[in-house]
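None of the figures in this text is laboratory data; all of them are computed from the coordinates on show. As the structure is a prediction and not an experimental result, all values here were calculated from the model. Positions of Cβ are backbone-derived with ideal geometry, glycine not excepted, and every protein chain shown enters the neighbour counts.
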Amino acid sequence: MGMGSSSVLQEFGEVLEFPRGDGLKLAHAVRNRWPPIKIIVTSGQRMAPEDELPEGGRFFAKPYSPAQIRGVLREWAGQSIQP
């Protein structure tokens with residue numbers, strides 16, 4: 001999403017602006033605006049300690065396997081259908 005010095009995410013009539021390359025700020029903004037959304041953060045540049053992630057977020061260092069992502073998605077799907 002490189003659009004110069006800032007990027008914009010627009011969905012459901014909301015606009016969130018964040019500095020280019022600051023995915024953690026975007027992840028927190030999305031989580032704060034839409035708390036039910038689950039967040040997966042990936043990076044090939046740096047590690048994201050758990051305390052820097054949005055609540056319930058997961059981090060994967062690149063390269064990661066599709067199986068890792070599927071595992072988390074299955075876990076989250078199972079949580080959402082539990083009584």
### Summary
A correct Karplus calculation of ³J(HN,Hα) over the stretch 30-36, with 6.51 cos²θ - 1.76 cosθ + 1.60, θ = phi - 60°, whole Hz and x for Gly and Pro, returns 5, 4, 5, 7, 10, x, x
### Summary
Residues other than residue 73 with Cβ under 13 Å of its Cβ, Lys/Arg counted +1 and Asp/Glu -1, net out at +3
### Query
If you plug each phi of the stretch 41-51 into the Karplus form 6.51 cos²θ - 1.76 cosθ + 1.60 with θ = phi - 60°, what whole-Hz ³J(HN,Hα) values come out, in order, with x for Gly and Pro?
10, 10, 7, x, 9, 8, 7, 10, x, 3, 6
